[in-house]
Every structure is written in structure tokens, then in C-alpha cells.
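Reading through the C-alpha cells given below for one structure.
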Amino acid sequence: MDPVVKNQLNQQVKRHFLEFLENFRLKDESGQFEREFYYLEQAKTMVREGKRTLYVKIEHLEQIDAASISFEAPVLREIVQSKYVMVRDSLNAAVPMLLSKLEDADLQEEVRRARETEELKFVAAFYDLPLFSGIRDLRTDKLGKLVTISGTVTRTTEVKPELLVGTFMCNECNREVSGITQEFKVTTPAVCPTRNCGNRSNWTLIGDSRTTRWGDWQRLRLQENESEVPAGAMPRSMDVILRDECCERCKPGDKVLITGSLIVVPDVPSMMNPAELKLQVRKSLQTRGDSSYGGGDGVKGLKGTGNRDLTYKLAFFGTFVDENSDWSNKGRGTGDNIRSDDKMYLSPADKAKFEGISNHTGPGGKKDCFDLVARSVAPAIHGHLEVKKGILLMLIGALGKKTDEGIKLRGDINVLLLGDPATAKSAMLKWVSTFLPRAVFASGKSSTAAGLTASVVRDMDLDQERVIQPGALMLADNGICCIDEFERMDPKDQVAIHEAMEQQTITLSKAGIQATLNARASILASCLPKNTYYDPTQPLHKNCELTPPIMSRFDLIFVLQDVHNQDKDELVARHILELHRKGDVQEKTHLNTSELQRYIRLARTYKPKITAEAHQRLVKCYKKLREDRTYVRGAAGVTVRQLESLIRLSEAITRVHLEEKVTVDYVNQAFELQMDTLKRVERENIDLEDDAPAPAEQPAPESAGAAEPAGRAAGGGRKRATKITFAEYQRIGNMLTRHLYDKELANEEVKEVDLIEWYMEQVEEDITTEAQLEEQQHMIQLIINRMIDKDRVILVYRASDDAKRPEGRVLVKHPNYPVGEQLG
């Protein structure tokens, strides 16, 4: 472009952009322009906070009131987007000019001081472009244009100083020469202006001069997202240069959108000193052994040297860094980072809805907020409510604490899914990895210790200097690391994550580098049982090939069994077929994905405290765990880690209910969640206890049948305890709920006494003695009580009219319980 035309274009862009900043106003709900000038108010806030960047939404360039400006708004936008590098200095120059027009006297004094020292740091950053490009799509036709690229940050350098404008002193005559703009490397004056001096090379930089301008810069390594990589291709990377306030905006592992322009940076080895060259470049320049130098004929001229040495590489100059908010919905809207530390703002409608959910009561009169929110986790997966509860608690987390001695107690919850094949383990992990931005999905077979923690490598761009390469746990810092096929990982690689799971740090002592890195991540792991299918007759540690130290670090261990059940199989089959036919079938939930993210962010703002009653209950639960010999958590048994897990789970459940105090009820829920999933499959029998005194004269049954009495009371004041196999309890429970469901469809009431009589009619052929009859009646009464009080699959619709005959109460099946679903 002709220099005169270029200069005129820059002058017009600066004048029109300043006019836009002075006159832009937003529209209110009625479509009228507001009274406040949007960018003037932002400029005042920018000066008060000591910032140097004015953020301009690209859409605002066309939304300005046409009557208040003297130029065509679409033309200005087109110039900014297509000639950004050319007009960038003019756009930035308009920012201090806007600040000089602020009327506040105090702000004017601050602006004056800032312009004296940091005039070059005032920039205008554009954001919210309608489209973004992938790294693979960047070509030379986009050079100089304003574009947005997306990707995952894999490496960041430290913030380094950059010389913008240098002041040099001639070492021959001591004259200072200022205003030397730097180009890619330290650029000195061409010749000393003093008469008869003629110095061209002997210069000293005056770094603390008033006319020397320094800036900060940082280089990122941006890798394209996995969703953008074509089949059979390797992900590509690109260097991104950031300056000043854009530095330290992101960390390795962040998924970001960066707005800026594509630039060409020359690699000019022949223009550098030998000390600045990499070793291999220095060697190639010395050998002159290839055909472009004419073999042994020597150098044929500067033209050959230039073609040989002057190479270029593409880089990206970023002016605005933003978190990629499309990671959760795959383009169907924006997501909300549940682990973000930014201040949260809720609309009145959302606040009212979330408060209603936290205080929601079920048909039985008990608060069922925990169940409601848990059903919104992975709604495309049928059932597994207990596992979803565990994942919800992991997403919300507990409070991290620090002792007076400086020891940190983690608040992140680790979860292990131990299950048979085809029980949706990997689907759960995949859902979690897409639910929040700092989530990394890894596979156990292909993961090594260095890949999970960190490794030390030589960086080609830093002259073979050793640098730390972050692993999956470092990339998932303040997030979740999902590890599939955990049992396939080599034992020596599993040992590497011991420290990360409990202390949440990674200590490196390699190649002369001693470093302690943060790995504050929750771990969600899945693994298969040792013999492919879980064996309920064996304890937990006999079913999996994990070491006791690893198992003790998991707060929750869920066992997923592929139980053959006709009714449940039909429900699962219908759900999967609907999923294949319609593509996106989800169970009816109270919260969609974005609402669930906002709910979890709201819950994480609560800091619950443990009450005195909850404190006593936690002590009793821990003592009960230690005393219960039937509950062996791995070969290591129960350790203090289980008490800490209980505290974390109690705090997380309190956060789910949006409460500030940990009550006894929340401790009981955490204890049941920790115990039930394991004890249900570890023990063959279920204890049915009756608080009523057992009659001493009752004879022992002649046949054990399905239920066998255990520990019958010798005296009158002890509990009667009956044991029943889990399979038998499951069969009888399905019979009772099926009968209640059929009667409900027929609009008939069922009293407890009627339900007992119906069951006795079904099994009367198997009863031969009076003792068996009485034992069966006693057992079915205990089963009904357990299904009402513990499993909550049967509800008391109406209490008995006669207080002396409590068995006259009317029973119904819980409306949310599908007939045939596993009990307990």
C-alpha cells in the first residue's frame, strides 16, 4: 500500500474509532439507547483499577446509533477485521486520547501520570468475534487479519521483559540516541548522528532511561482441540505471543479462545551473533556443505546466503484471552466453569429455583434434594443413582483445610468405580470429562508415571534447556482427572500417583531439577474386577488388583454389578433403543446441564461448619467402622483416612443442600453412602432387626428356608435379629412392589395387614409347621419395615385409624421407584 494512503487510513481509523468510543450507548429492554456512555464508563473503571486495556466487543461497532457518528459503522468494522495489524497502532492510540477527555479531576491526574510512563501500554482489545478458526486452518491469507483461534494450552513460559523502544549511548562520543523501535531482536542505531563519529556497532543500552520503554511478554504453546483433529492426524500446535495484561491469563490444560492476528516471524540466523544461535544452526552455518553453497566452490554471493538463511515461521499475536465456554454443550450454548473462582451472579429466577430444589420434600415428607440433583448427573445413563450421588459429591467437593503447622488437608473427593463389563463406567467418565473445562481423560494401559505426573524434557526452542513437561494430573489442576481401565496400569506407575491423591502435590527430582508442583485434582477411576465379573462371596480386596495404599486413598468405592433381572433389563433395553432411535433421549430431570453447573457453583460458595452433635456422630461412625470386622476395606482394613473421607462427604452433602452447618442427618447420609454400596455386595446376608422384645418361649423353626434366625434372644429385652440373603430380599421386595403397583393401577388401597396376608397366600405351599408360619410372618413384617424406613421404596400413604393396630396403615409404592429396580 502507498505510504501516503496508509497514513491517511490510519488517521481516519483513529479519528473514527475515538468517535465511536465517545458516543456508544447500549440499548435497554425497550429498544431505547441508555443515557450512560458505555466505553467512557469502562475507561473510568479502567483508570481506577490501574488497568491499561480497553475491551471492545466487535458487535458494538455496528450497533452504535448512526445519528451520533459521522462515518459508516460497517466500514469501520470491516477495516478493523481485515487490516488489523496495519491499523492496530492507530486503534491503540485512540485509548489514551479517550482517557484525556474524562472530566473527573482525580482521574485526569492518574491519566497524566500513566501517559508519561506507559503511553505504549494502552491497548484496545477486541473480543466476541462471531467465528473462530482452528490452528490447522491458519494460512497466509489470514495474515494481518483479526481472527479468533481455539485450542488447549500445553505449555507457558515465564513472563519476560521486552524492549519496545530503546535509548542507546554511543561508546565513542557518549551521545544518547533515543526512539529506536525494536524489530524481532535488539536493534541498535544505524550510525551515530554526531559529526565525524561514524560509530555503527559500539553501542550500550540505557535500560533505566526515561525514554526507554519496556513491556512484558509471554509465549504459549497452543494445541488444537481433540474435536478438531481429523481422523488419522496428529494434533498441531502454534506459538502464541502475549503482552502485558494478557500474560498469566491461562495455565497449561486450559481450553481457551485467543483473539489476535496471525504474524510472520523471521528466523534470521545470519543476522544474529554466534552466541545467540542454537548449536545445530551454528554448526550448519560453519560447514557450508550443501549444494546451495556450491560444494567446495565457496560462497557465490549474498543472494545465495539470503535464500539459504532467511526463513520464516507463523506465530499468533494474541490481544485477548478468554476461556472457551463451549466445552460442555458442544456448541449448544455456553457452559459455566464450576471450579471458577470468579464472583457468581444469579438471576432471581435461578435463585428461586435453586432454593426450591434445596428445600424440596419427597412424598414421604423427607427432603430429597440430594436425589433430585443427583438424577441430573449424566441423565443419558439409566439408573446408577448411588454412583451419580458420588460423582455429584466429587464435583462439589469439600473444604480444603490447613493446620497450624502448615499441613494441608485435601477437600477433593476421589471415587473408584469397580464394575462388571457394560455397566456404563466409561460413559460416566466421559460425561465428567466434558462437564468441566479442566478435566483430563486418560487410559490406564497407555498412561505412564511421567505421563500422569510430570516429566523433564529438552526444549528445542530454548537451546536444549531442560524444562518440566506437565502430565495429566498437572493439567487437571483444580479439576478432575478421569482414568479409565485403572487396573491395566503398571504397579510402578500406580505408585507415582500416591502423593498426588493424598498430598495433592507432585515432587520431581530429575536431571538436576528439584521442584514441587500442584496437582489439586480429584481422581475418578474405573476398573474391572480381577475375574472380569465381581464375586460377591469374596471381600472387596480379593476382587480387584489394586494395592491397599491406593484403595485407602479413594473416598468412595462403588461396585457395579450386572444383575440379571427381567424387569430391569426391559427398562434398560427400552432406554437404549430410544437413545439409538432419537439420538438424544434424557431422563426427566429438574436441572439441565447449564443449570446443574450453576447450582454446583452456588453450592461451592458455602463453607459448612461441623456442629457438636455431628461431631459426636462422626466419632461413633468411625468407631463402628473399626469394630465391624465384616467390613474390610481392602487388605489394609479401616484407617484414619476413612474418617477424613466421612468428614469430606458430610461437608459435600451439606453443600448440596445449600446449608451452612453439618447436621447429624447429613453425617448419616454420608455414612450410608460410604457403607451401603460395599456391604450390599460384600456380605451375602442382610440383617433384619426388630426393636420389639423377642418372646423366650418361641420355638426354633424346623427348616431354615430362605430366612434363618440368627442370634435369637435368650431374654425378653434383647432384639430379635433375622438374616436373609440379598437375593432373597431382592425377590421378596420385587414381589411386594409389583403387587402394590398393580393395586395402584386398579385404584385399590392396600393396608399393611392386607399386604402381609397376600404374601402369606403366595408362600403357603412351602409352609409345613406352625413355627415356620410365625417365622415367615415375622420376616415379612421386618422386610416391609426396612423397605419403608431404609430403602424408601414403599411409602406410608395414610396412618392407621386405630393407634393400637399400626398394621392398618395404607401403603403405596414410591412414585420414583421403577418396579424391578435393585433395592437397597
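The values are calculated or read from the model by the stated rules, or taken from the named source; none is laboratory data. Every value quoted in this text rests on a predicted model; they were computed, and no experiment measured them. All Cβ positions, even for glycine, are placed from backbone atoms using ideal geometry, and neighbour counts span all protein chains on display. Surface areas here come from the heavy atoms of the whole protein model, side chains and all, with no ligands, DNA or RNA. Shrake-Rupley method; radii C 1.70, N 1.55, O 1.52, S 1.80 Å.
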Open item on the list: For segment 4-53, give me each residue that is charged (D, E, K, R) and in contact with a strand residue (DSSP E or B) (Cβ under 8 Å, 6 or more places away or on another chain).
Closed with: Arg25, Lys27, Glu34, Arg52
TODO: Please work out which residue is farthest from the chain's Cα centre (by Cα), limiting yourself to segment 798-824 and to residues that are of a type in the set (Gly, Ala, Ser) and either modelled with pLDDT under 80 or open to solvent by 50 Å² or more (accessible area, probe 1.4 Å) (or both).
DONE: Ala803
- [ ] Tell me, please, whether a residue that is open to solvent by 30 Å² or more (accessible area, probe 1.4 Å) and hydrophobic (A, V, I, L, M, F, W, C) can be found in segment 144-155.
- [x] no
- [ ] Give, as residue ranges, the helices (runs of 4 or more DSSP H) completely inside segment 474-582 that count at least 2 residues that are among the basic types (Lys, Arg), surrounded by fewer than 16 Cβ atoms within 10 Å (Cβ to Cβ) and more than 25 Å from the chain's Cα centre (by Cα).
- [x] 566-582
Task: Residue under evaluation Ala612, criteria (1) exposed (fewer than 13 other Cβ atoms within 10 Å of the Cβ); (2) modelled with pLDDT of 80 or more; (3) over 25 Å from Gln674 (Cβ atoms); (4) not β-branched (Val, Ile, Thr), criterion not met - done: (3)
Open item on the list: Test of understanding: among Ala93, Ala114, Ala125, Ala73, which residue is touching a residue at least 24 places away in the same chain (Cβ under 8 Å) and either in contact with a Lys or Arg (Cβ under 6 Å, 6 or more places away or on another chain) or closer than 13 Å to Leu18 by Cβ (or both)?
Closed with: Ala93
Open item on the list: Filter segment 192-208 down to the residues that are surrounded by fewer than 16 Cβ atoms within 10 Å (Cβ to Cβ) and within 25 Å of Val265 (Cβ to Cβ) and list them by number.
Closed with: Ser201, Leu205, Gly207
Task: Search result, residues across segment 1-44 that are without any contact (Cβ under 8 Å) to a residue 12 or more places away in the chain, open to solvent by 80 Å² or more (accessible area, probe 1.4 Å) and among the aliphatic types (A, V, I, L, M) - done: Val4
Open item on the list: Suppose we filter segment 160-182 for residues that are within 11 Å of Leu205 (Cβ to Cβ) and under 50 Å from the mean Cα position of the chain (by Cα); how many remain?
Closed with: 6
Task: Scope segment 371-403; condition touching a strand residue (DSSP E or B) at 6+ places or on another chain (Cβ under 6 Å) and more than 23 Å from Ser358 (Cβ to Cβ); matching residues - done: Lys401, Lys402
- [ ] Tally the residues that are under 22 Å from Leu120 (Cα atoms) and open to solvent by 70 Å² or more (accessible area, probe 1.4 Å), restricting the search to segment 179-191.
- [x] 5
Open item on the list: Consider segment 374-412. How many of its residues are closer than 15 Å to Val656 by Cβ and in contact with a Ser or Thr (Cβ under 6 Å, 6 or more places away or on another chain)?
Closed with: 4
- [ ] For segment 193-246, enumerate the residues that are under 16 Å from Gly166 (Cβ atoms), among the polar types (S, T, N, Q) and in a strand (DSSP E or B).
- [x] Thr204
Task: Residue ID - nearest to Leu429 (Cα to Cα), chosen from residues in segment 450-466 that are open to solvent by less than 70 Å² (accessible area, probe 1.4 Å) and modelled with pLDDT of 75 or more - done: Leu452
- [ ] Tell me, please, whether a residue that is within 30 Å of Ala476 (Cβ to Cβ), at pLDDT 50 or above and crowded, with 16+ Cβ neighbours inside 10 Å can be found in segment 259-275.
- [x] yes
Open item on the list: Here are the criteria: (1) in a loop (DSSP other than H, G, I, E, B); (2) in contact with a helix residue (DSSP H, G or I) (Cβ under 9 Å, 6 or more places away or on another chain); (3) open to solvent by 80 Å² or more (accessible area, probe 1.4 Å); (4) over 22 Å from Lys568 (Cβ atoms). Tell me which single one Gln777 does not satisfy.
Closed with: (1)
Task: Every residue from segment 55-93 that is of a type in the set (A, V, I, L, M, F, W, C) and within 20 Å of Ala43 (Cα to Cα) - done: Val56, Ile58, Leu61, Ile64, Ile69, Leu91, Ala93
Open item on the list: Name the residue that is farthest from the chain's Cα centre (by Cα), counting only residues in segment 121-135 that are open to solvent by 10 Å² or more (accessible area, probe 1.4 Å) and more than 22 Å from Val264 (Cβ to Cβ).
Closed with: Lys121
- [ ] Output the number of residues of segment 88-113 satisfying the condition of being under 16 Å from Thr319 (Cα atoms) and surrounded by fewer than 16 Cβ atoms within 10 Å (Cβ to Cβ).
- [x] 1
Task: Condition check for Gly406: out of contact with any helix residue (DSSP H, G or I) (no Cβ under 8 Å at 6 or more places or on another chain) and in a loop (DSSP other than H, G, I, E, B) - done: yes
Task: Matching residues in segment 45-83 - criterion: being open to solvent by less than 50 Å² (accessible area, probe 1.4 Å) and closer than 19 Å to Glu110 by Cβ - done: Met46, Val47, Gly50, Arg52, Thr53, Leu54
Open item on the list: Anything in segment 209-236 that is modelled with pLDDT of 85 or more, among the charged types (D, E, K, R) and open to solvent by 70 Å² or more (accessible area, probe 1.4 Å)? List them, or say none.
Closed with: Arg221, Arg236
Open item on the list: For the list (1) more than 22 Å from the chain's Cα centre (by Cα); (2) assigned to a loop (DSSP other than H, G, I, E, B); (3) buried (at least 17 other Cβ atoms within 10 Å of the Cβ), I need the number of the one condition that Asp412 fails.
Closed with: (1)
Open item on the list: Please verify whether Ser446 is touching a Ser or Thr at 6+ places or on another chain (Cβ under 9 Å) and over 28 Å from Glu660 (Cα atoms), treating the condition exactly as stated.
Closed with: no
